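The values are calculated or read from the model by the stated rules, or taken from the named source; none is laboratory data. For clarity, every value in this text was computed on a predicted model and none was experimentally measured. All Cβ positions, even for glycine, are placed from backbone atoms using ideal geometry, and neighbour counts span all protein chains on display.
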Ligand code: NAP
Ligand code: 3JN
């Protein structure tokens, strides 16, 4: 009989955790058992899974006994404390937070881009930031052909990237505005309904946000290309699901828009939607709930020698978080890089 791992979803009640359970179910991930963990606040909460319900357990230091694979999405401080404890007990952790992403001995993996990095994991594998994932899935096949020199990216990020409370905040504010009530702000420093905030995560010493610097550093690490220059502006927009990105790329070698379309139409995990005359281009409302990363508006940028502009959209909770983590877990199983009982 085939042997399957016991899987834990840590942060199962959150926006990403719920999507993890959905993704494990939809892809029929081969697990002996799936267990759901969150903080003491959610102990006993029931979450639908397949034709049953999982009862949420409180995450504790001894929670990883008998667990072979843990998918974490409970914030960086939970990952810092619990991921090493899990790994010490032989459990392999796929972590969605930024806690471990830039550690030299921890692989940061997007399966379509650098699956080979899984081979040197030591118990913890980091899942990149959502905005980085959808960008590198598109950039890598172009880099392989024409070598990227510089990337300028501006993002339009959905509120679901901030979690359950932010989804609620946008809903509430829209209702309050239509009812001519005062707008309540709990999650974001400014009104998000009918507004755009050039502010995601905290501001750093260099006046960039942490989200912007994640895009720079994670892209270079995943693509094994520290020489690629990346600059980012990350913006929160009043969209529920789906991050969009305007990406300007300068290459060392010649590449036309037509060639880029042909390359991307063969790229794993990518769907080209690029027929502007018919008003066909990627949209967040169509990417929501989908696994692919969509790219369109591919056109040449004549202000540099070899330049392209493009528009990239993906579901931030799926490819940007849960799906990428589950794809990593699937590869770990296939490559026998994980213990099975
Ligand atoms: P969320 O909706 O606020 O959910 C947070 C989850 O973490 C909840 O299940 C919460 O449980 C749990 N949690 C919080 N503190 C905990 C603790 N001390 N012990 C155990 N569980 C705890 O947030 P989210 O959007 O799902 O994001 C969760 C994390 O995933 C983020 O902090 C981030 O690190 C990561 N993330 C990554 C990406 C990406 O780009 N790849 C995107 C979004 C999020 P309770 O219900 O008990 O509070
Ligand atoms: O804001 C978004 O659209 C994505 C958010 C990601 C996020 C949210 C809270 C904490 C992260 C992340 O994955 O980079 C973190 C984190 O730093 O762990």
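Here is how the numbers come out for the structure above:
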quantity	calculated
Any pair with Cβ under 7 angstrom, 6 or more apart, that starts in the stretch 198-213 at a residue that is in contact (Cβ under 8 Å) with a residue 12 or more places away in the chain and ends at one that is away from ligand 2 (no atom under 13 Å from the Cβ)	198/233; 209/203; 212/233
Selection status of residue 241, farther than 26 Å from residue 107 by Cβ and within 16 Å of ligand 1 (Cβ to nearest atom)	yes
Scan of the stretch 45-59 for residues that are assigned to a loop (DSSP other than H, G, I, E, B) and either within 14 Å of ligand 1 (Cβ to nearest atom) or out of contact with any helix residue (DSSP H, G or I) (no Cβ under 7 Å at 6 or more places or on another chain) (or both), ordered by number	45, 51, 56, 59
Per-region count, the stretch 293-341, residues assigned to a loop (DSSP other than H, G, I, E, B) and surrounded by fewer than 18 Cβ atoms within 10 Å (Cβ to Cβ)	11
Hey, residue 264 within 25 Å of residue 195 (Cβ to Cβ) and away from ligand 1 (no atom under 16 Å from the Cβ) or not	no
Every residue from the stretch 234-250 that is farther than 29 Å from residue 147 by Cβ and surrounded by fewer than 24 Cβ atoms within 10 Å (Cβ to Cβ)	237, 238, 239, 240, 241
Residue in the stretch 188-201 that is outside any helix (DSSP H, G or I), more than 16 Å from ligand 2 (Cβ to nearest atom), at pLDDT 95 or above and crowded, with 17+ Cβ neighbours inside 10 Å present	yes
Wholly enclosed helices (runs of 4 or more DSSP H) of the stretch 209-291 bearing at least 2 residues within 30 Å of residue 26 (Cα to Cα) and away from ligand 2 (no atom under 16 Å from the Cβ)	257-265, 284-287
Out of 53, 103, 116, sole residue that is closer than 28 Å to residue 143 by Cβ, free of Cβ contacts under 8 Å to residues at least 24 places away in the same chain and either within 16 Å of ligand 2 (Cβ to nearest atom) or in contact with a strand residue (DSSP E or B) (Cβ under 6 Å, 6 or more places away or on another chain) (or both)	103
Residues of the stretch 151-165 classified as more than 14 Å from residue 246 (Cα to Cα) and surrounded by fewer than 21 Cβ atoms within 10 Å (Cβ to Cβ), total	4
Matching entry among 74, 36, 8 (being within 25 Å of the chain's Cα centre (by Cα) and within 19 Å of residue 160 (Cα to Cα))	74
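Listed here are the residues, each with its yes/no results for (1) over 29 Å from residue 289 (Cβ atoms); (2) out of contact with any strand residue (DSSP E or B) (no Cβ under 9 Å at 6 or more places or on another chain).
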{"position": "185", "(1), (2)": "no, yes"}
{"position": "200", "(1), (2)": "no, no"}
{"position": "226", "(1), (2)": "yes, yes"}
{"position": "247", "(1), (2)": "no, no"}
{"position": "253", "(1), (2)": "yes, yes"}
{"position": "270", "(1), (2)": "no, no"}
